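Written out below as structure tokens is the structure these notes cover.
The values are calculated or read from the model by the stated rules, or taken from the named source; none is laboratory data. This structure is a prediction, so every number in the text was calculated from the model and none was measured. Here Cβ is always computed from backbone atoms with ideal geometry, including for glycine, and neighbour counts include all displayed protein chains.
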Ligand SMILES: [Zn+2]
Ligand SMILES: [Zn+2]
């Protein structure tokens, strides 16, 4: 083999190896937000320094109950009119930038390997806020969504959080169906759409919930219709207190 074709073969092989590595272990080699290659120091959270600097942490002036942005530190108008069935809704990030991309990549672009990175943000936040509960519950997906996605995204994250926080997981909720796509609906429309989409699992031992403090997790809270519906079911079945924890708020 001539020297020229040896170099060509080497380059070809190197390229193939890079592609293989990225396909097999994307978390170890690329920023989960912008896709640029990352060095050894950045592998822990799989973010390049630029994207890490721009993480959309929420600022603190929020309603102490539902967590929406407010100008005062007292409950917002909506919470004053109708008290939600949960005690507090918390989230470390706004649903934008690196976090938005991370959630979309995790849920819709077939990247289940992002679960530990999402869980890590929630674990760090839960520890900082000193959140405690008797059980962790996640907002489930419908059977159809699980089949399409290939995995139950909230369950995967919830399992990791339970291990890290030494908190038992319980699965009382079942998602029946989703009547319409939620994205362009108002709060009231969403609420009506979501009500009836969740039920208590038929085989669930409801005595487990009685008097218990529950940490309910989901990926994004938009109007709050989904978590409110889930919290109401838990409350109706005896749960004493529910804290909502989502990765982001939109
Ligand atoms: Zn990046
Ligand atoms: Zn509020």
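Got at least one residue in the stretch 148-163 being assigned to a loop (DSSP other than H, G, I, E, B) and touching a residue at least 24 places away in the same chain (Cβ under 8 Å)? Yes, the stretch 148-163 has at least one match. Counting only residues that are within 11 Å of ligand 2 (Cβ to nearest atom), surrounded by 14 or more Cβ atoms within 10 Å (Cβ to Cβ) and not in a loop (DSSP other than H, G, I, E, B), the stretch 64-110 holds 4 of them. Quick one: is residue 26 more than 30 Å from residue 232 (Cα to Cα) and modelled with pLDDT of 85 or more? No; evaluated as a whole, the condition is false for this residue.
Among the residues of the stretch 49-70, those that are within 10 Å of ligand 1 (Cβ to nearest atom) and under 21 Å from the mean Cα position of the chain (by Cα) comprise 51, 52, 53, 54.
Contact map, the stretch 33-62: first residue in contact (Cβ under 8 Å) with a residue 40 or more places away in the chain and over 20 Å from residue 115 (Cα atoms), second residue in a loop (DSSP other than H, G, I, E, B) and more than 9 Å from ligand 1 (Cβ to nearest atom), Cβ cut-off under 7 Å, separation 6 or more or different chains; pairs are 58/91; 58/92.
Among the residues of the stretch 210-241, which ones are over 21 Å from the mean Cα position of the chain (by Cα) and crowded, with 24+ Cβ neighbours inside 10 Å? Residue satisfying the conditions is 239 alone.
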